[in-house]
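**Student:** Starting off with a structure, shown below.
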Amino acid sequence: MSEVEILKNYINGEWVESTTDRYEDVYNPATNEVIARVPLSTKEEIDHAVEAAAEAFKSWQKVAVPRRARILFNYQQLLTRHKEELAKLITLENGKNLTEALGEVGRGIENVEFAAGAPTLMMGDSLASIATDVEAVNYRYPLGVVGGIAPFNFPMMVPCWMFPMAIALGNTFILKPSERTPLLTRRLAELFEEAGLPKGVFNVVYGAHDVVNGILDHPEVKAVSFVGSKPVGEYVFKRGSQNLKRVQALTGAKNHTIVLNDANLEDTVTNVISAAFGSAGERCMACAVVTVEEGIADEFIALLKEKAQSAKIGNGLDDGVFLGPVIREENKQRTLRYIEKGLEEGAALICDGRDNVPDQGYFVGPTIFENVTTDMTIWKEEIFAPVLSVIRVKNLKEAVEIANRSEFANGACIFTSNASAIRYFRENIDAGMLGVNLGVPAPMAFFPFSGWKSSFFGTLHANGKDSVDFYTHKKVVTARYATPAFE
Ligand code: NAD
């Protein structure tokens, strides 16, 4: 254990050893190997980081917006140059395959590109004449210190929903990455420094709930962006709001995909396999339930099962691997309990993910349940693993009704070539991100990531113009200028 590297916090531009006596092992989930140790930092350390960020804010807020944007352009270049290295780190600590990891790096870079548009995004509006000789101008200003709390499943993309935009708009930032995937964050900080970011603007404090509480309670932290599970998101939203901060909390999901009789069978199955089992089902936009119309159900289920059974399982760094491990042994055990629960409650297990998985690492194979009903635990709860429920429905109306019974409403998809059905789906489904003939409708950086119901707590979403509103406040100046002298 002594050779395993102990990670340091990044505060005020320095890598500093934590003073805690509590650490957690970081594993490669494909091999069980311990690859680092992460400190569970103390409240004093988060206080120290907030003080540094508050001090840095005094000058960073005054740096001209195009100059801030130029650092983001440099950062974009550096991240692009290090794409492969970053992707390998993601696969190492998270387990998803290298192609998916490269995709994630690409999505993170898109956020940096969007944030580099700060000079345009930060513009306010004005009206030259609101009364005789009176005009009004609306200016945007950064808030101050912003805290970000991230989950394990997208170590690069999710933090990039937060800090590039917050910083481009003039805020300073403290990121608390997941203690289960802390390695990538270090490179994010190092490359940002190399891009020319001044000390104290971006800080990283590793840890778990003590650090989260430290962020939520510190009066100098003006806003908090959270992404993670529903119970923690609800807690973060309530405690942060109680402390009078702006909070956005993007939380869990149980996304439904509707397959109609006229769907293209091959394409639909390919998309559903990728959406349900890609990244080991550990995506908030993963397909968790398919409701399939009776006319196509037999053929669809047979092909789905065939393709699921042929998925290559293994270490995401190996060629051709589709399905990597889930993040930890406890996540694997939790998934196995859900499989048992599904059987106990009467669902039919047609593809058993407990079979034929590597001994080492935390692997669960593609798992498919048929005859699932909405009173079953496997339909109600977010499993966050490669487990898919299939429900046969009479028609689109029934499929939409089933999806809308879920407490979650992150994404939903439809596979059909019928324009009227697509319109009906769009108008009636409860979900913030919809896909038509595609499996993972995660919006690009310039659109909001807009879950509803228990998938989101707050008002302004991550990304898009919402993120500009979330990380700024406004000042409206109403001014009278007498002009008669010039007439
Ligand atoms: P998690 O809720 O366990 O952890 C998220 C963050 O909260 C981590 O940084 C963790 O350290 C911290 N945390 C955990 N328990 C805490 C506690 N008791 N008190 C304070 N802080 C705590 O989530 P996870 O397992 O890392 O990620 C998976 C979850 O994230 C899934 O539910 C998934 O749907 C969700 N997610 C949602 C979105 C979205 O956009 N809606 C995106 C990605 C992931």
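**Student:** So which residues in segment 15-44 are free of Cβ contacts under 8 Å to residues at least 40 places away in the same chain and charged (D, E, K, R)?
**Tutor:** Correct list: GLU17, ASP21, ARG22, ASP25, GLU33, ARG37, GLU44.
**Student:** Look through segment 1-25, keep the residues that are modelled with pLDDT of 95 or more and among the charged types (D, E, K, R), and return whichever of them is nearest to LEU191 (Cα to Cα).
**Tutor:** It comes out as GLU14.
**Student:** Within segment 272-287, is even one residue away from the ligand (no atom under 16 Å from the Cβ) and either out of contact with any helix residue (DSSP H, G or I) (no Cβ under 8 Å at 6 or more places or on another chain) or farther than 18 Å from GLU100 by Cβ (or both)?
**Tutor:** Among the residues of segment 272-287, at least one is away from the ligand (no atom under 16 Å from the Cβ) and either out of contact with any helix residue (DSSP H, G or I) (no Cβ under 8 Å at 6 or more places or on another chain) or farther than 18 Å from GLU100 by Cβ (or both), which makes the answer yes.
**Student:** Here's something else I'd like to know. Which members of segment 65-85 meet the condition of being basic (Lys, Arg) and either farther than 28 Å from VAL26 by Cα or not assigned by the TED database to the domain that holds VAL212 (or both)?
**Tutor:** ARG67, ARG68, ARG70 - these are the residues of segment 65-85 that are basic (Lys, Arg) and either farther than 28 Å from VAL26 by Cα or not assigned by the TED database to the domain that holds VAL212 (or both).
**Student:** Say whether the condition of being more than 13 Å from the ligand (Cβ to nearest atom), outside any loop (DSSP other than H, G, I, E, B), surrounded by fewer than 16 Cβ atoms within 10 Å (Cβ to Cβ) and at pLDDT 95 or above is met by at least one residue in segment 447-459.
**Tutor:** no
**Student:** Consider only pairs whose beta carbons are under 9 Å apart and that are at least six residues apart or on different chains; among these, list those whose first residue lies in segment 419-434 and is free of Cβ contacts under 8 Å to residues at least 12 places away in the same chain and whose second residue is not small (Gly, Ala, Ser).
**Tutor:** Partner pairs satisfying both residue conditions: ARG426/ILE414; ARG426/LEU434; ARG426/VAL436.
**Student:** From the set of residues in segment 224-235 that are buried (at least 24 other Cβ atoms within 10 Å of the Cβ) and either among the charged types (D, E, K, R) or farther than 19 Å from GLU45 by Cβ (or both), which is farthest from the ligand (Cβ to nearest atom)? Can you show your working first?
**Tutor:** Of segment 224-235, the ones buried (at least 24 other Cβ atoms within 10 Å of the Cβ) are 224-227, 233.
The next check asks that each one be either among the charged types (D, E, K, R) or farther than 19 Å from GLU45 by Cβ (or both); those that pass are 225-227, 233.
Working: SER225: 11, PHE226: 7, VAL227: 5, GLY233: 7 Å.
Looking at residues that are buried (at least 24 other Cβ atoms within 10 Å of the Cβ) and either among the charged types (D, E, K, R) or farther than 19 Å from GLU45 by Cβ (or both), I get SER225.
**Student:** Are any residues in segment 4-39 among the aliphatic types (A, V, I, L, M) and touching a His at 6+ places or on another chain (Cβ under 9 Å), and if so, which ones?
**Tutor:** Of everything in segment 4-39, those that are among the aliphatic types (A, V, I, L, M) and touching a His at 6+ places or on another chain (Cβ under 9 Å) turn out to be ILE11, VAL16.
**Student:** Further, regarding this structure: Name the residues in segment 206-223 that are within 11 Å of the ligand (Cβ to nearest atom) and either surrounded by 22 or more Cβ atoms within 10 Å (Cβ to Cβ) or under 16 Å from TYR75 (Cα atoms) (or both), would you?
**Tutor:** Answer for segment 206-223, where residues must be within 11 Å of the ligand (Cβ to nearest atom) and either surrounded by 22 or more Cβ atoms within 10 Å (Cβ to Cβ) or under 16 Å from TYR75 (Cα atoms) (or both): TYR206, GLY207, VAL211, VAL212, GLY214, ILE215, LEU216.
**Student:** Looking at the structure I just gave you, is ASN404 surrounded by fewer than 19 Cβ atoms within 10 Å (Cβ to Cβ) and on the phi > 0 side of the Ramachandran plot?
**Tutor:** Answer is no for this residue.
**Student:** Just to be sure I understand, how many residues within segment 157-189 are within 14 Å of the ligand (Cβ to nearest atom), touching a residue at least 60 places away in the same chain (Cβ under 8 Å) and either part of a helix (DSSP H, G or I) or among the β-branched types (Val, Ile, Thr) (or both)?
**Tutor:** The total comes to 6.
**Student:** Being modelled with pLDDT of 95 or more, under 21 Å from the mean Cα position of the chain (by Cα) and either assigned by the TED database to the domain that holds VAL201 or farther than 30 Å from LEU169 by Cα (or both) narrows it down to one residue among LYS62, LYS88; which is it?
**Tutor:** Selected residue: LYS88, the only one of LYS62, LYS88 that is modelled with pLDDT of 95 or more, under 21 Å from the mean Cα position of the chain (by Cα) and either assigned by the TED database to the domain that holds VAL201 or farther than 30 Å from LEU169 by Cα (or both).
**Student:** For segment 8-66, name all the residues that are in contact with a Leu (Cβ under 6 Å, 6 or more places away or on another chain) and of a type in the set (S, T, N, Q).
**Tutor:** If the condition is that a residue be in contact with a Leu (Cβ under 6 Å, 6 or more places away or on another chain) and of a type in the set (S, T, N, Q), then THR20, ASN28 are the ones that fit.
**Student:** Restricting attention to segment 190-205, which residues are part of a loop (DSSP other than H, G, I, E, B) and away from the ligand (no atom under 16 Å from the Cβ)?
**Tutor:** Those that are part of a loop (DSSP other than H, G, I, E, B) and away from the ligand (no atom under 16 Å from the Cβ): ALA195, GLY196, LEU197, PRO198, LYS199, GLY200, VAL201.
**Student:** Which ones in segment 419-450 are hydroxyl-bearing (Ser, Thr, Tyr) and not assigned by the TED database to the domain that holds GLU401?
**Tutor:** Passing the criteria: only SER450.
**Student:** A follow-up question, please. Within segment 460-475, work out how many residues are assigned to a loop (DSSP other than H, G, I, E, B) and either surrounded by 22 or more Cβ atoms within 10 Å (Cβ to Cβ) or within 11 Å of the ligand (Cβ to nearest atom) (or both).
**Tutor:** 3
**Student:** Of the residues VAL372, VAL400, only one is closer than 24 Å to GLY252 by Cα, touching a residue at least 60 places away in the same chain (Cβ under 8 Å), assigned to a helix (DSSP H, G or I) and away from the ligand (no atom under 16 Å from the Cβ); which? Spell out the reasoning first.
**Tutor:** Working: VAL372 fails: assigned to a helix (DSSP H, G or I).
Selected residue: VAL400, the only one of VAL372, VAL400 that is closer than 24 Å to GLY252 by Cα, touching a residue at least 60 places away in the same chain (Cβ under 8 Å), assigned to a helix (DSSP H, G or I) and away from the ligand (no atom under 16 Å from the Cβ).
The values are calculated or read from the model by the stated rules, or taken from the named source; none is laboratory data. These figures come from a predicted structure and were not determined experimentally. Counting neighbours? That spans all protein chains shown, and the Cβs are built from the backbone with ideal geometry, glycine included.
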